[in-house]
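S.K.: One structure is given below, represented as structure tokens, and several questions about it will come after.
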């Protein structure tokens with residue numbers, strides 16, 4: 001295991017979302033959003049005519065996102081509490097409504113990935129984008145255990161089997177990989 005290097009920058013959500021093509025007026029879903037790391041920045045990027053669905057299982061994190069959105073004067077944030085491992089977990093989001101979906105450090109945590117991918121495919125518009133940012137396989141002092149991580153190759157395979165088309169790699173940081181897919 002390597003030591004933490006202060007010169008290695010952690011994820012910059014604005015740069016990552018920009019590189020992935022998020023822009024004004026879009027509808028975005030941040031699945032497994034946690035404290036809103038991508039959702040809040042995404043809400044600022046898409047502006048008042050866009051919408052962000054912030055989805056997580058933990059009520060406390062969703063309350064934090066709501067409070068943080070108020071402080072930033074974001075009125076385009078909607079929180080949804082659900083368990084993404086459950087069938088039809090995204091039933092509160094209409095089919096074909098999202099231009100952009102983010103899995104930020106989520107993929108390795110979900111046990112029922114097939115269901116998650118079916119639901120994600122359903123809520124994305126044709127041509128919509130799915131951005132997966134997750135822990136790479138390099139040993140690091142932070143993040144999940146090595147054997148809990150999903151490799152880029154395994155991620156690509158699972159997405160391909162679910163009907164997504166790989167578009168490109170997205171530069172992230174030294175701890176994560178970024179993969180962009182299209183419906």
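Just so it is clear, none of the values below were taken in a lab; they were calculated from the coordinates. On a predicted model such as this, the values are computed, not experimentally measured, just so you know. Every residue, glycine as well, gets a Cβ built from its backbone with ideal geometry; the counts of neighbours run over all protein chains shown.
S.K.: Restricting to the chain, what percent of DSSP beta bridges are antiparallel, rounded to 5? Spell out each step's value before the answer.
M.R.: Details: 11 of 31 bridges.
If we restrict to bridges inside the chain, about 35 percent are antiparallel.
S.K.: Can you tell which of 109, 92, 58 shows the greatest fluctuation in a Gaussian network model of the chain with Cα springs below 10 Å?
M.R.: It is 92.
S.K.: Order these peptides, 127-140, 161-174, 33-46, by their mean beta-carbon neighbour count within 10 angstrom, highest first. Write down the numbers at each step before the final one.
M.R.: Values: 127-140: 19.4, 161-174: 14.7, 33-46: 23.1.
My ranking of the peptides, most packed first, is 33-46, 127-140, 161-174.
S.K.: What is the distance in Å between the Cα centroid of segment 7-59 and that of segment 111-183?
M.R.: Here the answer is 16 Å between Cα centres.
S.K.: Something else now. Please work out which option in (1) 9, 36, 32, 16, 5, 0; (2) 9, 28, 29, 19, 11, 4, 1, 0; (3) 10, 39, 38, 12, 1 gives P(r) over Cα pairs in 10 Å bins from 0, in percent calculated from these coordinates, and answer with its label.
M.R.: (3)
S.K.: Which of 21, 104, 50 moves the most in a Gaussian network model of the chain with Cα springs under 10 Å?
M.R.: 21
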